[in-house]
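Remarks on the structure that follows.
Rule-based calculations on the coordinates, nothing more; no lab input. Because the structure is a prediction, the values reported are computed rather than measured. Because the Cβ atoms are built from the backbone with ideal geometry, glycine has one as well, and the counts that use them run over all protein chains shown.
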Amino acid sequence: MYLADANIWIEGLLEQERAPETADFFRKAGSSQLAITDFALFSIALLLSRLKRNDVLDSFIADVILGNRVMVLRLNPTHLRLVLPIMRSLGLDFDDAYHYLAAQEFGCTILSYDAHFDKTPLGRKAPGDII
């Protein structure tokens, strides 16, 4: 299973430079192979609402989340204490450490355009690496 970072979703939702690559990946991977953390979901919602792209947010929630096309992974609040040591040992910020811990806990491959994951034991894949 691939744990898609917020930046992967944002590329497609905002039709950014790598949107064709992400769209191709999503088509080929199939939704049963995709997950998102609750943290990434809320980050996407916050960004889209700040950009006044509520139409895009509504479609994303309806199609991807409520349509059960993608698994939403949640860390138990007790896991938050584990995020801090990951931040320190791997040099990640909070959101990347949260994403890393979720990938570790649920046995997922990190899917991200964020090179910070390259220096971690789990590493990362970009959509272009897989398709």
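Pull out all pairs, ordered by first then second residue, where Cβ-Cβ is under 9 Å, the residues are six or more apart or on different chains, the first lies in segment 5-34 and is more than 14 Å from Lys125 (Cβ to Cβ), and the second is surrounded by 14 or more Cβ atoms within 10 Å (Cβ to Cβ) and among the polar types (S, T, N, Q).
Listed pairs, sorted by first residue: Ala6/Thr37; Ala6/Ser43; Ala6/Ser112; Trp9/Thr22; Ile10/Ser43; Glu11/Thr22; Gly12/Thr22; Gln16/Thr22.
State the number of residues belonging to segment 54-73 that are loosely packed, with under 13 Cβ neighbours inside 10 Å and either under 13 Å from the mean Cα position of the chain (by Cα) or of a type in the set (Asp, Glu) (or both).
Matching residues across segment 54-73 total 3.
Is it fair to say Leu48 is surrounded by 12 or more Cβ atoms within 10 Å (Cβ to Cβ), part of a loop (DSSP other than H, G, I, E, B), in contact with a Phe, Trp or Tyr (Cβ under 8 Å, 6 or more places away or on another chain) and hydrophobic (A, V, I, L, M, F, W, C)? Step through it out loud before you land on a result.
Details: surrounded by 12 or more Cβ atoms within 10 Å (Cβ to Cβ): yes; part of a loop (DSSP other than H, G, I, E, B): no; in contact with a Phe, Trp or Tyr (Cβ under 8 Å, 6 or more places away or on another chain): yes; hydrophobic (A, V, I, L, M, F, W, C): yes.
Considered against the rule, which asks whether it is surrounded by 12 or more Cβ atoms within 10 Å (Cβ to Cβ), part of a loop (DSSP other than H, G, I, E, B), in contact with a Phe, Trp or Tyr (Cβ under 8 Å, 6 or more places away or on another chain) and hydrophobic (A, V, I, L, M, F, W, C), Leu48 comes out as no.
I need the full set of residues from segment 75-106 which are in contact (Cβ under 8 Å) with a residue 12 or more places away in the chain and among the polar types (S, T, N, Q), in order please.
Passing the criteria: only Gln104.
Checking Leu82 against (1) under 26 Å from Ile131 (Cα atoms); (2) surrounded by 12 or more Cβ atoms within 10 Å (Cβ to Cβ), which single condition isn't satisfied?
Among (1) under 26 Å from Ile131 (Cα atoms); (2) surrounded by 12 or more Cβ atoms within 10 Å (Cβ to Cβ), Leu82 violates only (1).
Which count do you get for residues in segment 88-129 that are surrounded by fewer than 16 Cβ atoms within 10 Å (Cβ to Cβ) and assigned to a helix (DSSP H, G or I)?
Looking only at that region, the number is 10.
Across segment 1-42, what is the total count of residues that are part of a helix (DSSP H, G or I), within 8 Å of the chain's Cα centre (by Cα) and either under 15 Å from Asp96 (Cβ atoms) or hydroxyl-bearing (Ser, Thr, Tyr) (or both)?
4
Against the conditions (1) closer than 18 Å to Arg124 by Cβ; (2) assigned to a helix (DSSP H, G or I), where does Val56 fall short? Just the number, please.
Going through the list (1) closer than 18 Å to Arg124 by Cβ; (2) assigned to a helix (DSSP H, G or I), Val56 breaks only (1).
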